[in-house]
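The structure appears below as structure tokens.
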Amino acid sequence: MPSGILCSRALVAAAALLLISLGGAEAKKKVTAFPGLTKHVGCTVCKEGVRNIELLVKHLAESAPTGRLTEDAIQQTLDKSCDPRRPEGRWLRHMDIVADVNADTVTVVDSSFPAKLKRKTRSLADACTAFLLGDSDLSGMLYSGRRSLTQLVKHVCLDGGETGEPGPCSKKFRKGPISKKVLSAVAAEELVEADDKEIDAEKQMAEMEKPHLPEGAFKMYSRDNIDEMAIDELMKESGMDEEEATEYYNDLKAQGYFDNPSEHMHDARDMMPPDGEL
């Protein structure tokens, strides 16, 4: 008899698979950063990012068999650290951007709770990608272990790493102006706390994404293909046979459960029938 926990995992996987494969309207509603804001929040994000990533790499190295991570493993950790949906990038959810419309300035401050992924958090994540990935050479320096945290911050955030350009904390760094319209929009967006179910659903979505595929690559699947893959996920995770999984999946489709997969991913346990009903 399939357990509620296993089936709930299967439903989350099936919903995520549908959302990613269909490339539907919900998937297209990508949250975008505020224009012109990345450079203005870059210094704080860079310093906080270097600090968090260094601590994370040290923690992971302590549990590694050799007591040390490979440079590839460090680079993978670094790449994930700029994605707020992943545990490595969770630190980005704990920051807020405060706009002063009269002074034409923005300030990055700490948040006591993890935020929903809206435009402020997207702007912070874009700043992380811009200044910590690419030519910063941060992964190589973390692998060598020869630089202190202060030296890492100076090299990446002040000197610009290997880019040859001033870093976001340098006085020579050119930020450019922020429009009043953007400042007003930043001021109007309130940080909203994300619950654990939402964070877990977004994490699973991020883990199921396949990097380096062109936009729209998932649209090659027909609806029948997607149904088959979703049923396979149910069978694999729940222990149902094909007939049970197909019947259960079709029942959920008839109820409109998959009409908006991202909305329902984190509610899978609430949708499960009691053990023994199947």
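The values are calculated or read from the model by the stated rules, or taken from the named source; none is laboratory data. This structure is a prediction, so every number in the text was calculated from the model and none was measured. Neighbour counts run over all protein chains shown; Cβ positions are idealised from the backbone, glycine included. In case anyone asks, the SASA skips ligands and DNA or RNA and just uses the protein heavy atoms, side chains included. Shrake-Rupley method; radii C 1.70, N 1.55, O 1.52, S 1.80 Å.
Observations
- Residue among 71, 62, 88 that alone is closer than 13 Å to residue 125 by Cβ and not basic (Lys, Arg): 88
- Yes/no for residue 187 being of a type in the set (A, V, I, L, M), in contact with an Asp or Glu (Cβ under 9 Å, 6 or more places away or on another chain), open to solvent by 50 Å² or more (accessible area, probe 1.4 Å) and modelled with pLDDT of 90 or more: yes
- Residues considered: 65, 35. Of these, the only one that is within 26 Å of residue 175 (Cα to Cα) and open to solvent by 70 Å² or more (accessible area, probe 1.4 Å) is 35.
- Residue pairs meeting the criteria (Cβ under 7 Å; at least 6 apart or on separate chains; first surrounded by fewer than 22 Cβ atoms within 10 Å (Cβ to Cβ), in the range 230-246; second modelled with pLDDT under 70 and basic (Lys, Arg)): 237/9
- Residues in the range 173-184 that are part of a helix (DSSP H, G or I) and either hydroxyl-bearing (Ser, Thr, Tyr) or buried (at least 17 other Cβ atoms within 10 Å of the Cβ) (or both): 182, 183, 184.
- Residues satisfying the stated conditions in the range 74-108, i.e. closer than 16 Å to residue 51 by Cα and part of a strand (DSSP E or B): 95, 108
- Selection from the range 123-149 of residues that are closer than 30 Å to residue 30 by Cβ, free of Cβ contacts under 8 Å to residues at least 40 places away in the same chain and in a helix (DSSP H, G or I): 134, 135, 136
- Matching residues, the range 210-228, being modelled with pLDDT of 65 or more and surrounded by fewer than 16 Cβ atoms within 10 Å (Cβ to Cβ): 228
- Out of 110, 96, sole residue that is in contact with a strand residue (DSSP E or B) (Cβ under 8 Å, 6 or more places away or on another chain), open to solvent by 70 Å² or more (accessible area, probe 1.4 Å) and not aromatic (Phe, Trp, Tyr): 110
- Checking each residue in the range 42-71 for being among the hydrophobic types (A, V, I, L, M, F, W, C) and modelled with pLDDT of 90 or more picks out 43, 45, 46, 50, 53, 55, 56, 57, 60, 61, 69.
- Among residues of the range 150-172, those that are touching a residue at least 60 places away in the same chain (Cβ under 8 Å) and either in contact with a Phe, Trp or Tyr (Cβ under 8 Å, 6 or more places away or on another chain) or surrounded by fewer than 19 Cβ atoms within 10 Å (Cβ to Cβ) (or both), counted: 4
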